[in-house]
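Below is one structure, written out as structure tokens; the observations come after it.
Nothing in this text is a laboratory measurement; each read-out follows from the coordinates by a stated rule. Since we're looking at a predicted model, the values are computed, not measured. Note that each Cβ is placed from the backbone with ideal geometry, even for glycine, and that neighbours are counted across all protein chains shown.
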């Protein structure tokens with residue numbers, strides 16, 4: 001028979017600290033187990049980039065021409081100049097630079113290198129916002145120096161260059177050269193108003209357009225002022241306007257009309273030509289029978305109130321495309337019909353003064369295009385004017 005020895009062991013809980021107890025032999029309380037103190041858990045510090053990384057930053061921002069010249073050269077593009085630097089230790093891969101909502105992609109930038117970008121949009125008399133690596137794809141040593149947000153002064157523009165005149169021998173007549181239509185280059189006054197998005201279509205009918213590239217066009221925006229006059233202010237009592245915006249201040253009245261009538265083409269808040277001023281310069285009727293009132297043609301479209309087709313373009317079938325048909329056809333079909341009326345009706349609303357980024361604000365650009373009467377609201381008057389053009393433009 002096996003014998004078993006049963007031993008009873010009495011235990012007790014002995015307090016060793018506030019809320020902490022240890023198990024001890026009741027016969028020898030002093031032999032209590034000493035607990036291992038539990039320390040506080042230390043937070044893991046936020047990781048910061050270490051080692052060699054790029055450091056992209058805004059070097060400088062200015063308003064001016066793509067190239068600096070002693071005098072103004074026709075075709076030298078004007079806009080927001082952004083100098084981007086890489087002050088880091090390694091090269092940066094492809095990244096995006098955003099200036100006032102307009103983006104350009106830089107394919108890469110070596111350590112210590114810089115690149116100058118020209119953006120066609122800038123905020124006149126307001127704050128310009130620039131962000132380098134706006135999509136945040138580059139890991140950098142310093143992420144706090146990627147933005148710029150300040151007002152940028154418009155510099156005094158150089159005078160136009162005096163062309164060198166080479167006498168043409170009288171014995172050899174110089175043939176007339178007709179410029180080729182602009183293909184693959186910038187043409188500010190092309191037959192296009194970009195309205196997609198927000199719409200699914202673009203307006204392909206502009207009442208006063210041309211096919212000349214900006215580098216051979218002396219009035220890039222067809223506002224009635226030459227580029228040279230706009231950048232020097234010589235035709236507007238010294239007021240400088242944007243040669244790539246027909247309406248610099250966004251108040252609907254074109255720069256040429258404002259300068260001619262004595263209002264400020266750079267103040268879009270309250271200084272717009274009155275209807276009486278526009279009428280005095282032209283007519284209250286439609287002498288050319290194009291369904292557009294003469295004074296509106298003068299102040300808002302820079303079209304002739306005595307010529308049916310100011311820019312001389314035609315429909316795809318070869319028929320003449322008169323000024324009214326181009327103004328009231330707000331999409332790409334070159335006709336005026338119930339579709340145009342529907343598009344105007346669903347946008348009924350006043351849309352107020354231009355936002356600071358109005359040249360690049362697609363929604364505002366659409367509203368201005370649908371507001372054919374240019375009174376600051378899309379309403380019944382726009383429907384009435386458009387409907388009146390259906391018999392001659394349908």
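Residues of the stretch 321-342 with the amide nitrogen closer than 20 Å to a label point 7 Å from the Cα of residue 211, along Cα-to-Cβ, please. So the set is 321-323, 326-327, 332-335.
Based on the alpha-carbon gyration tensor of the stretch 214-393 and its eigenvalue square roots a ≥ b ≥ c, which shape applies: rounded if a/c is under 1.5, prolate if not and a/b is larger than b/c, or oblate? Note, shape of the stretch 214-393 comes out prolate. Treating r as the C-beta distance of residue 381 and residue 281 and R0 as 25 Å, the FRET efficiency rounds to 0.75. As a proxy for reagent exposure, ranking 248, 269 by other Cβ atoms within 10 Å from fewest up yields 269, 248. What FRET efficiency comes out for residue 114 versus residue 149 if R0 is 25 angstrom and r is the Cβ-Cβ distance? Round to the nearest 0.05. For R0 = 25 Å, the calculated efficiency reads 0.80.
The order of 364, 301, going from fewest to most other C-beta atoms within 10 Å of their C-beta, is 364, 301.
Note on residue 346 and residue 392: their simple-model spin labels are 2.9 nm apart, each label 7 Å out from Cα toward Cβ. Here the spin labels are modelled as points 7 Å beyond Cα on the Cα-Cβ line, and at residue 52 and residue 91 they lie 1.2 nm apart. For residue 67 and residue 127, the FRET efficiency from 1/(1 + (r/R0)^6), where r spans their Cβ atoms and R0 equals 35 Å, is about 0.85.
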